[in-house]
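Report on the following structure.
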Amino acid sequence: AASADAGYVALLAYAQQQRQASGAELPALQQAGVASALRFVQTFGSDARAAPVLADAAQSLYAMKDPQQAATVAQQVLDLQPAAPDAQRRVAWTVLAHTRFEAGDFEVAEKAYGQVLQLTPDKAAGRDALLERQAAAIYKQGEQAIAAGQTRDAVAHFERVASTAAPQSTVQAAAQYDAAAALIALKDWDAAARTLEDFRKRYPASPLQSEVGSKLAVVYVEKGQWASAATEFERMAATHKDPAIARAALWQAAELHEKANARPLAT
């Protein structure tokens with residue numbers, strides 16, 4: 001126990017030196033401090049201080065831009081037996097989540113953020129940022145699926161963003177819009193219409209709203225809903241800045257009203 005205490009005192013000394021160090025000295029002291037921490041845990045793995053020492057080392061390595069080693073040490077925290085206290089497990093899962101996200105391993109990152117959230121009280125500061133980050137990890141899986149030509153899987157990921165993201169997630173609107181675009185690519189007109197109509201109601205302030213009308217017009221034409229399509233073209237004609245496009249939209253609306261046998265509106 002005395003030697004463990006001595007080892008721990010050495011760690012505290014490194015921490016004190018780091019607080020007092022100038023910018024140029026800091027990196028070497030940080031590395032020495034982490035090396036000392038890992039030696040302490042290797043030698044005194046059953047010491048009650050091993051979990052906080054390891055978690056602190058994982059955080060330091062991440063801050064030092066050594067994501068691989070940071071993730072390895074974070075995993076050591078999670079592998080401790082008996083299990084590390086929740087506070088240290090939360091640090092470890094956070095380091096793992098961030099490093100996996102930055103490495104483009106978004107599926108593992110999503111699960112890791114889920115673990116962090118389980119260990120984070122509902123009212124805790126920063127919880128919404130974690131939810132946002134988890135939503136981004138799901139959204140990125142959708143983007144990867146699009147790039148791989150797995151359009152139906154992409155729709156599923158984009159739709160999951162809405163159910164798991166922060167209430168005011170900035171990713172949610174983009175995900176729902178991209179889900180609609182993917183459904184159009186799949187020629188799933190019914191689902192595309194539902195998704196776009198819901199988007200229009202749910203995100204009135206989104207800059208993507210200006211694109212919704214043209215997409216809905218296409219979808220309604222494909223569904224044979226001529227009157228609804230005509231309404232969208234009229235909306236485009238009223239709001240488009242380019243007079244030529246506005247005129248073309250009005251002509252299109254008139255033709256669709258004719259198709260819908262709404263001749264009085266087409267005059």
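The values are calculated or read from the model by the stated rules, or taken from the named source; none is laboratory data. This one's a predicted model, so the numbers in the text were calculated from it and none came from an experiment. Backbone-built Cβ (ideal geometry, glycine too); neighbour counts: all protein chains shown. Each accessible area value is taken on the protein alone, full model and side chains, heavy atoms only, with ligands, DNA and RNA left out. Shrake-Rupley method; radii C 1.70, N 1.55, O 1.52, S 1.80 Å.
Structure notes:
- Checking Ala262, Ala230, Ala249 one by one, the residue that is more than 30 Å from Ala136 (Cα to Cα), modelled with pLDDT under 90 and open to solvent by less than 20 Å² (accessible area, probe 1.4 Å) is Ala249 and no other.
- The residue that is least open to solvent (accessible area, probe 1.4 Å), among those in the range 178-226 that are at pLDDT below 95, part of a helix (DSSP H, G or I) and among the hydroxyl-bearing types (Ser, Thr, Tyr), is Ser214.
- Among (1) open to solvent by less than 80 Å² (accessible area, probe 1.4 Å); (2) closer than 22 Å to Val91 by Cα; (3) assigned to a helix (DSSP H, G or I) - the single one Arg39 does not satisfy: (1)
- For the range 21-36, a tally of residues being surrounded by 10 or more Cβ atoms within 10 Å (Cβ to Cβ) and at pLDDT below 75 returns 3.
- Taking first residues from the range 14-41 that are farther than 15 Å from Ser60 by Cα and partners that are modelled with pLDDT under 85 and open to solvent by less than 50 Å² (accessible area, probe 1.4 Å), the Cβ contacts under 7 Å between residues at least 6 apart in sequence or on separate chains come to Ala21/Leu29; Phe40/Gly7; Phe40/Leu11.
- Scanning the range 1-20 for residues that are open to solvent by 40 Å² or more (accessible area, probe 1.4 Å), under 35 Å from the mean Cα position of the chain (by Cα) and not basic (Lys, Arg) turns up just one, Gln18.
- Just one of the listed residues (Lys187, Lys241, Lys259) is touching an Asp or Glu at 6+ places or on another chain (Cβ under 8 Å) and among the charged types (D, E, K, R), and it is Lys187.
- Taking the criterion of being of a type in the set (Ser, Thr, Tyr) and surrounded by 15 or more Cβ atoms within 10 Å (Cβ to Cβ), the residues of the range 141-176 that qualify are Thr151, Thr164, Ser169.
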